[in-house]
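Peer 1: The following block contains the structure, expressed as structure tokens.
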Protein chains: 2
Amino acid sequence: MARTAGRPPRSKAEILEFRSKIGKHALEIYRTEGFGAVSMRRLAREVGCAPMTIYAHFEGKTDILRYLWADVLTDMSHDIEKKLKSVVVPSERLQTAAQTFIAYWIDHPDHFRLVFMSNDVTRADVSTFVMDDNTLAHVLMFSDLIRNVLPQEHDVKMRTDTLISGMIGIAFCMITIPDYPWADATLMTKQLLTSIIT
Amino acid sequence: MARTAGRPPRSKAEILEFRSKIGKHALEIYRTEGFGAVSMRRLAREVGCAPMTIYAHFEGKTDILRYLWADVLTDMSHDIEKKLKSVVVPSERLQTAAQTFIAYWIDHPDHFRLVFMSNDVTRADVSTFVMDDNTLAHVLMFSDLIRNVLPQEHDVKMRTDTLISGMIGIAFCMITIPDYPWADATLMTKQLLTSIIT
DNA sequence: CATTAATATAGAACGCGTACCAATTATTAT
DNA sequence: ATAATAATTGGTACGCGTTCTATATTAATG
């Protein structure tokens, strides 16, 4: 298969390497100086390339920010796993996981905004959130926790999705509408869980 | 009461008038050309004042966008009221209201982003959402609907807040994470409601 | 009238995300 | 070497939200 002349496209490995290099620097900036400090121009400056070169590897800024999600999500996961260690009863495990999940976002509202709200309102057509395997694992964890409480239930997926969107909703509301006197998050989570396990 | 010399501060009425004038133009632009077209510079151009003058009356862009919320919220309210006309059973009324609420946001994702996500991630410290009387009325509507289903229940506030944050969560997730194969929104809403009315 | 304080204005500036383009530079097949 | 193709670069540009400064304008008091 005679390839045409000219410089060949970047190899898969080269693409990944560049992307992860950018992601690494973005994470560094984000960790030390916060979210607002992460900008395309600065990223290019620190990596040592022209600002426009980044656009050859990423769709845009949101595409870069996805590299920060993994960091936050594993951080949250560790919180949950730590709490789950001392809990054995299935229903209590589900309860603990849900409470820890919500508490994490409320305690780290900037992380929540980064993961769930780091999109441009003007670019609403572009899909913000892309589920990768890592993210999906967190969903599956809750799925398993529910299954352990309701072994013979077959609506597990629907219940899982309801729980997850409900938990995210509680965190979302308490973070973005802090002026409203929301009921206690723990109680709301409990209330939400009653619908899932009945 | 000897006032100091000099030009007196703007009267309350003047302030309100200017603010509502800006809001009116913002709404006009938003309606005809969408959210992305609303900008401070253009707003100033159309209103006929210097861009900086706006900053004397508004904290920033988010402060202006709040004027668009009322429009969206009453639009949604009308949807719910229309649907509720033919429903009399309290539990069905609650069900209908909830389903319509969620359907509205899913059908108008740009409105959802405008109301709930029109904040700057970099300015996370500033409270995005400010509850005014109009917004509060919608909360109270759900509160009443729940009370009608559970007349002797005293946890109505907590249940209301759980329902509202849960509904917003469902809409939020389905809008911002469209790639994930969410369970049917109607079923999730039903599932969510089971916790509220038990 | 003059003084004085509140307000409005113009203009420049900063950094931002993003787009476009012409000029390289790198790498391959011929 | 040469030609062809991909990748990168630099520069320019647009509009954005926002801040700053200096200068007018306004409307009250003395």
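A short reminder: the numbers here are calculations on the coordinates, not readings from a lab. Everything quoted here is computed from the prediction, not taken from an experiment. Every residue, glycine as well, gets a Cβ built from its backbone with ideal geometry; the counts of neighbours run over all protein chains shown.
Peer 1: Go through B:SER118, A:GLN152, B:PRO151 and say which Cα lies farthest out towards the positive end of the charge dipole of the protein assembly as shown; charges sit on Cβ, +1 for Lys and Arg, -1 for Asp and Glu.
Peer 2: Value: B:SER118.
Peer 1: While we're here: Can you compute the modelled spin-label distance between A:ARG31 and A:GLU46, with each label point 7 Å from Cα toward Cβ, in nm?
Peer 2: 1.1 nm
Peer 1: Given contacts defined as C-alpha pairs under 8 Å and at least six residues apart, what's the relative contact order of segment A:10-58, whole-number percent?
Peer 2: 34 percent
Peer 1: Which residue is it, in chain B, whose C-beta lies closest to the B-to-A rotation axis, and what is that distance in whole Å?
Peer 2: Closest to the axis: B:GLY169, 1.
Peer 1: With the contact rule set at Cα under 8 Å and sequence spacing of 6 or more, what percent relative contact order holds for chain A? Write out the running numbers ahead of the final one.
Peer 2: On the way: 133 pairs, mean separation 36.3, N = 198.
After rounding, I find 18 percent.
Peer 1: Still on this structure: Where the label is 7 Å out from Cα toward Cβ, how close does B:ASP75 come to the same position in every other copy, in nm, shortest first?
Peer 2: 3.6
Peer 1: Once you charge only the Cβ atoms, +1 for Lys and Arg and -1 for Asp and Glu, what is the size of the charge dipole of the protein assembly as shown about its Cα centre, to the nearest 20 debye? Walk me through the intermediate numbers first.
Peer 2: Working: 46 positive and 48 negative charges, 210 e Å.
Here the protein assembly as shown has a charge dipole of around 1000 debye.
Peer 1: When the chain is fully extended, how far beyond the present Cα-Cα distance does A:SER39 get from A:ASP132, taking 0.36 nm per residue of separation?
Peer 2: Length gained, A:SER39 through A:ASP132: 31.1 nm.
Peer 1: Based on the alpha carbons, how large is the Rg to Rh ratio for segment B:10-58 when Rh follows Kirkwood?
Peer 2: 0.98
Peer 1: Straight-line reach only, C-alpha to C-alpha below 13 angstrom: list the aspartates and glutamates that B:LYS61 could link to, leaving out same-chain residues fewer than 8 apart.
Peer 2: Candidates past the 8-residue exclusion: B:ASP120.
Peer 1: I want the local charge near A:SER39. Using Cβ-Cβ distances under 11 Å, sum +1 for each Lys or Arg and -1 for each Asp or Glu among the other residues. Intermediate results must be reported in sequence, preceding the final value.
Peer 2: On the way: positive: A:ARG41, A:ARG42, A:ARG45, A:LYS61; negative: A:GLU33, A:GLU46.
That sum, taken over residues with Cβ under 11 Å, equals +2.
Peer 1: Within 10 Å of each candidate Cβ there may be at most 14 other Cβ atoms; applying that plus a DSSP loop requirement, which trypsin sites (Lys or Arg not before Pro) in segment A:51-122 survive?
Peer 2: Details: sites: A:LYS61, A:ARG66, A:LYS82, A:LYS83, A:LYS85, A:ARG93, A:ARG113; in loops: A:LYS85.
When the trypsin sites (Lys or Arg not before Pro) of segment A:51-122 are filtered for loop state and at most 14 Cβ neighbours within 10 Å, A:LYS85 remain.
Peer 1: What are the semi-axes of the equivalent ellipsoid of the protein assembly as shown, taken as the square roots of 5 times the eigenvalues of the Cα gyration tensor, listed largest first and rounded to whole Å?
Peer 2: 35, 35, 20
Peer 1: If you don't mind, another one. Every other copy gets compared here: list the nm distances from the A:LYS12 label point (7 Å along Cα to Cβ) to its counterparts, shortest first, one decimal.
Peer 2: For A:LYS12, the other copies' label points sit at 6.9 nm, shortest first.
Peer 1: Now, a different point. What lysines does B:LYS157 reach when the alpha-carbon gap must be under 22 Å and sequence neighbours fewer than 8 apart in one chain are set aside?
Peer 2: Straight-line reach from B:LYS157, under 22 Å: A:LYS190, B:LYS190.
Peer 1: If you add up the charges near B:THR162, with Lys and Arg at +1 and Asp and Glu at -1, over every other residue whose beta carbon is less than 10 angstrom from its beta carbon, what do you get?
Peer 2: Around B:THR162, the charge tally is +1.
Peer 1: Continuing with this model, one more query. Just add up the charged neighbours of A:MET174: K/R +1, D/E -1, any other residue whose Cβ is under 12 Å from the Cβ of A:MET174.
Peer 2: Computed value for this residue: -4.
Peer 1: Next question, about the same structure. Explain nothing, just the number: dipole magnitude of chain A about its Cα centre with +1 on each Lys and Arg Cβ and -1 on each Asp and Glu Cβ, in debye rounded to the nearest 20.
Peer 2: It comes to approximately 720 debye.
Peer 1: Next up: With N residues in chain B, what two-decimal value do you get for its Cα radius of gyration over 2.2 N^0.38 Å? Kindly include the intermediate steps, with their values, before the conclusion.
Peer 2: Values: Rg = 20.4 Å, N = 198, 2.2 N^0.38 = 16.4 Å.
With N residues counted in chain B, Rg over 2.2 N^0.38 Å equals 1.24.
Peer 1: Can you return the lysines within cross-link range of A:LYS12? Criterion is Cα-Cα under 17 Å, with same-chain partners fewer than 8 residues away left out.
Peer 2: A:LYS21
Peer 1: List, shortest first and in nm to one decimal, how far the label point of A:PRO51 (7 Å from Cα along Cα→Cβ) is from its counterparts in the other copies.
Peer 2: Label-point separations across copies, in nm and ascending: 1.6.
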